[in-house]
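So the structure is just underneath, and the comments pick up after that.
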């Protein structure tokens, strides 16, 4: 059973950020953890760093998956018919994050990541883009980690994939599939409006970003972008997933509807321009471009000057809601 610690001066987003630094980024020294948190505007003492590290013991499920041991992967509840697609997805993720590998951080997906990627493929088989599976897998993995490392009474399910209550908004999103077609979108919005399900919308009523929604503890200035529009963030995979999910950063020229998939948001929000993400303490940058969208369609772009004729994703969406 996990040991409870005194968390009185840390907010939930700050604690979640510590989880990503320790578990996802591999920071397991007190001094390094304090420095990483301080870089993100979170100051803790040596005792608190020790307690946080003790609360986050190294676990097999959060180590890079060994593709030579499929039995261990299957024991996470991963569907056997997903293995081919998941192995290809892993190569895409490893390739994108390879420049940031070091003695602490490994770019390969963990057993936990693969488990939740398989869950997404099971409940929403139309989601096939590596970009989308990566982001949604990170979001679901994070929610499970928050409970597993932060709740002393939470018991991991072992070889069963079972969504936790703090994933309900993501599960509803995958069930209703508003990203597939306009009929699903309307059904999803109707369910939200009658309070039948929780929305994945990350904006407050005044349009400002609710930075606590996905447990984000990063300071706002790191997500605005520098003079070149480049965002400089940390930790690596988690920050990338949040930028793509929430359209954060100075390079998004517009904010697409919240129910789009990350690949759709990227294409619409950046108008096809590459998204460059820099990471604190790294010289290399990560670039997301059209080449990362395997099922890229030219119809994403606005093609007609005649109102009502264009079939791009933005115009068809507007036409639907205008009816």
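The values are calculated or read from the model by the stated rules, or taken from the named source; none is laboratory data. Small disclaimer: the values here were computed from a predicted structure and weren't measured. Cβ placement follows ideal geometry from the backbone for every residue including glycine, while neighbour counts extend to all protein chains displayed.
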Residue identified as in contact with a strand residue (DSSP E or B) (Cβ under 9 Å, 6 or more places away or on another chain), surrounded by 14 or more Cβ atoms within 10 Å (Cβ to Cβ) and modelled with pLDDT under 85 among 280, 270: 280
Matching residues, segment 108-145, being under 20 Å from residue 58 (Cα atoms) and touching a strand residue (DSSP E or B) at 6+ places or on another chain (Cβ under 8 Å): 108, 109, 110, 141
Residues of segment 114-129 classified as touching a residue at least 24 places away in the same chain (Cβ under 8 Å) and outside any helix (DSSP H, G or I), total: 5
Segment 164-183, subset part of a loop (DSSP other than H, G, I, E, B) and in contact with a helix residue (DSSP H, G or I) (Cβ under 7 Å, 6 or more places away or on another chain), residue surrounded by the fewest Cβ atoms within 10 Å (Cβ to Cβ): 164
Some residue of segment 41-63 being touching a helix residue (DSSP H, G or I) at 6+ places or on another chain (Cβ under 7 Å), under 21 Å from residue 240 (Cα atoms) and at pLDDT below 90: yes
Which listed residue is over 20 Å from residue 70 (Cα atoms), buried (at least 16 other Cβ atoms within 10 Å of the Cβ) and touching a residue at least 60 places away in the same chain (Cβ under 8 Å), from 151, 132: 132
